[in-house]
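First up is the structure itself, then whatever we jot down about it.
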Amino acid sequence: MQTTAHRFTEKASAALADRELQGMLQQMRVHVPERRQAAVDALPEFETLRDRGRAIKDHVIANLDFYLERFEAKVTAAGGKVHWCADAAEARDTILGICRKAGARTVTKGKTMVGEEIAINAHLERHGMIPVETDLGEYIIQLRDEPPSHIIAPSFHVSAAQVADTFLEHHTHLDPKRPLGDIADLLSEARGILRSRFLAADVGITGANFLVAETGSTVIVTNEGNGDLTQTLPGVHIVLAGIEKVVPTLEDASTIMRILARSATGQEMSVYTTFSTGPRRPEDPDGPAEYHVVLLDNGRSAVLGTEFQDLLRCIRCGACLDHCPIYHAVGGHSYGSVYGGPIGAALTPALVGLEKSLDLPNASTLCGRCESVCPMRIPLPKMLRNWREAAFDRHLMPARARWGLKLWAFLAKRPALYRRISGAGARFLAWRGGKAGRIASLPFAGGWTRWRDLPAPEGETFQARWRRERGGA
Amino acid sequence: MAESRPQVALFVTCLVDLFRPSIGFAAVKLLEEAGCRVAVPAAQTCCGQPAYNSGDRADARAIARQVIETFEGHDHVVAPSGSCAGMLRVHYPALFADDPAWKPRAEALAARTHELVSFLVDVMKLKKVAARWNASAAYHDSCSGLRELGVRTQPRALLSSVAGLSVKDLGVPEACCGFGGTFCVKYGEISDKIAADKLKDVADTGAGMLLAGDLGCLLHLAGKAKRDGMNLAVRHVAEVLAGDDRTPPIGEGR
């Protein structure tokens, strides 16, 4: 996976200065959580479903090999083929091989985060094929050559006016004076363009929200219907999914589906829920002649049995992003990873290495709002803290911060010495604060005073005043 | 008679000890008026969160063992902070989950530890306070208290008994203020933006006062409000409940 996660602070700074982006993020901060909450409030058993969803996923993760092999057997029995891919390169080459064998020129794609993870579009382009994203948000960012900024709303960062500019730039065969001021104009234009691509496609690639072991079915949920056209019109359908997407039964898939859309968009269900099992049978009116499932590991099995295993429960709903103060401040691109927000901050170090993504688990207040809305109850703050411990153990923290922490801990473990130092510190800072009662700049505290005043202490510590007034009781 | 009163050890917290002892004294006043005997063990420093959240588990454990030893033998341990109380209640047992010697002691301390206002309401069954305060105040739910300890209704219940005070809810009450301990100095620019959003929510309520139960959040928000020239009195909820109007608001001179 390509990453620019090491440039987090620089990108965050740019995002904070981007007024148009900030306006959109502010809307999300206020309104998206309201929509989720309304959907949750309308379903009394929501919390129970979260517990059941978590139990299903924990069971699958503990028996992953069993359910994946059972899934493969069912896919094969239905006439499809499963391809096991250890990493992104293997998945890319597998997909390329299938496309080549089909003599593909145009390859349509439903929305797939794993497709972003393995950067399949660039690979197909390099080999002379034309990949076409058919989810509107993905189509927009494909034209703009940008990564997604949100797991379920990939072009969240693009305003309607920017979409119009992008369409004018790329759809050069259309009248440059055509009206594109309304969302409806933009939708209609995208629909017209994509319709011809759907019909021209030789191969269709979709992701999967679930892989159902008992039937060998793959399941996608969409709101645009583009996934259905992507997988039924071309002669070859490739499903691309992470190995953690398998669930034992159809009943399990429907249990998790009940919390997925509510958590993601505040909908009771997504508009389209599509089950695909094998290629077209003789009695089917339509469907692909070939059906492939590309299963991607790419670091996932290495997480099994570790303190990060709970991350494999993730169903990619995006609720943790929608409720994250860091995401609301800096948006998705700052993370420099396909997966942003809290889940991205916890997952990316496992996928690309902690050294390349050190800021991600550190740039968090550990406020816990992500965990409180995660439908799979993933303890995201704990995961981030686990990465901080790994960074500390491997001496990845800047030396100055490490020594500052060590000095503080040395004092905190020696109460008598601590009281003398804190007493002197309180007196000094109170003197520095003077009549104003606050300090505008202070050596060695620039990290605080660059952004905000430091309220001055009262002058005497609580411990000293308590002993003076109460005689040390 | 005296022996029947519950005995409370005050976990002052390092920030209250250093920056704002008056919060500690307000806490003692509230606890004593609620019928508790209060002790302040001298060997306390900090709960260890700076080490714990920076990934320094060894120092976090060492500090936690010191806190556990210092606070054994009291009926209750009470802190005027959801964050520090959450550390003792939720994270100490996690720190010693694989340590058979310390796990039971950590769990015993966790079971006796409370955030101040929730202790007054849930354990001491306090219904009202005697304070009067003519103001309109916005209340910020600090994250650890809200999500780790379920502190939400208790401060509002007691604040509603303060004569003359009206309490406003913020637009996005579950949103963090951007303090986050060392986060606010390591990622100051992001922290500053989150604080700006929170203070905008405060301004939208029209309240002239901002209250919360955690001094970390309050120092950060008061410092930001003062830097921006905002006319806002920032105080710990215990000060208002105890009627301590002699201490100037956080970040203001006397």
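Computed from the coordinates by the stated procedures, all read-outs in this text should not be read as laboratory data. As the structure is a prediction and not an experimental result, all values here were calculated from the model. Please note: Cβ atoms are built from the backbone with ideal geometry, for glycine as well, and neighbour counts cover all protein chains shown.
General observations
- Loop-resident sites, segment B:1-107, for GluC sites (Glu not before Pro), counting at most 15 other Cβ within 10 Å (DSSP): B:E72
- Mean partner shielding of peptide B:145-153, defined as the number of other chain Cβ atoms within 10 Å of each residue Cβ, is 1.
- Rounded, prolate or oblate (a/c below 1.5 giving rounded, otherwise prolate when a/b exceeds b/c) for segment A:43-298 by Cα gyration tensor: oblate
- Normalised Debye scattering of segment B:115-254 at q = 0.11 Å⁻¹ gives log10 I(q)/I(0) of -0.37, counting only Cα atoms as equal scatterers and leaving out solvent.
- Legend: helices of chain A (whole DSSP H runs) are marked when their alpha-carbon atoms reach 18 angstrom or more along the helix axis and their mean Kyte-Doolittle hydropathy is at least -1.0; marked are A:19-41, A:46-62, A:64-77, A:88-101, A:183-200, A:250-264, A:380-393, A:399-412, A:415-433.
- Per-residue extension of 0.36 nm, minus the Cα-Cα distance of A:E47 and A:K81, leaves a gain of 8.5 nm for this segment.
- Annotation: cysteines of chain A without a disulfide-compatible partner (Cβ-Cβ under 4.7 angstrom) are A:C85, A:C99, A:C314, A:C317, A:C324, A:C374.
- When the convex hull of its Cα atoms is viewed from all sides, segment B:165-232 shows a mean projected area of 4.4 nm².
- Here r is the Cβ-Cβ distance between B:A111 and B:D169 and R0 is 22 Å; the resulting FRET efficiency, rounded to 0.05, is 0.10.
- Here the spin labels are modelled as points 7 Å beyond Cα on the Cα-Cβ line, and at A:H31 and A:E146 they lie 1.8 nm apart.
- If R0 is 51 Å, the Cβ-Cβ spacing of A:E20 and B:N134 corresponds to a FRET efficiency of close to 0.75.
- Note on segment A:330-376: Cα convex hull, mean projected area over all directions, 3.5 nm².
- Modelled spin-label separation between A:A184 and B:D228, with each label point placed 7 Å from Cα along the Cα-to-Cβ direction: 4.0 nm.
- Inter-probe distance in nm under a simple model that places probes 7 Å from Cα toward Cβ, at B:Q7 and B:S160: 3.6
- Cβ-Cβ FRET estimate between A:M269 and B:D98, R0 fixed at 35 Å, reported to 0.05: 0.25
- Mean residue ellipticity, 222 nm, helices only, the protein assembly as shown: the sum of -39500 (n - 2.57) across DSSP H runs of n ≥ 4, divided by residue count and rounded to 500, is -14000 deg cm²/dmol.
- According to the Kirkwood relation over distinct C-alpha pairs, the hydrodynamic radius of segment A:399-470 is 13.6 Å.
- Shape call, segment B:93-142: gyration tensor on alpha carbons, a/c limit 1.5: prolate
- Per the Cα gyration tensor, segment B:2-122 maps to an equivalent ellipsoid with semi-axes of 24, 16, 11 Å, ordered largest to smallest.
- Alpha carbon centroid spacing (whole Å) that separates segment A:135-164 from segment A:61-92: 31
- Where GluC sites (Glu not before Pro) in DSSP loops with at most 12 other Cβ within 10 Å are excluded, longest remaining stretch of chain A: A:46-267
- Shielding by partners - mean other protein chain Cβ count within 10 Å, residues of A:433-440: 4
- D (Stokes-Einstein, µm²/s), Kirkwood Cα radius, chain B, 0.692 mPa s at 37 °C: 178
- Charge tally in the Cβ shell below 15 Å around A:E268, where Lys, Arg are +1 and Asp, Glu are -1, A:E268 excluded: +2
- Percent of C-alpha pairs per 5 Å bin in segment B:117-175, short distances first: 4, 19, 26, 24, 18, 9, 1.
- Spatial separation of Cα centroids for segment A:384-440 and segment B:1-60, in angstrom: 19
- Fraction of the pair-distance distribution of chain A above 27 Å, Cα-Cα pairs, percent: 61
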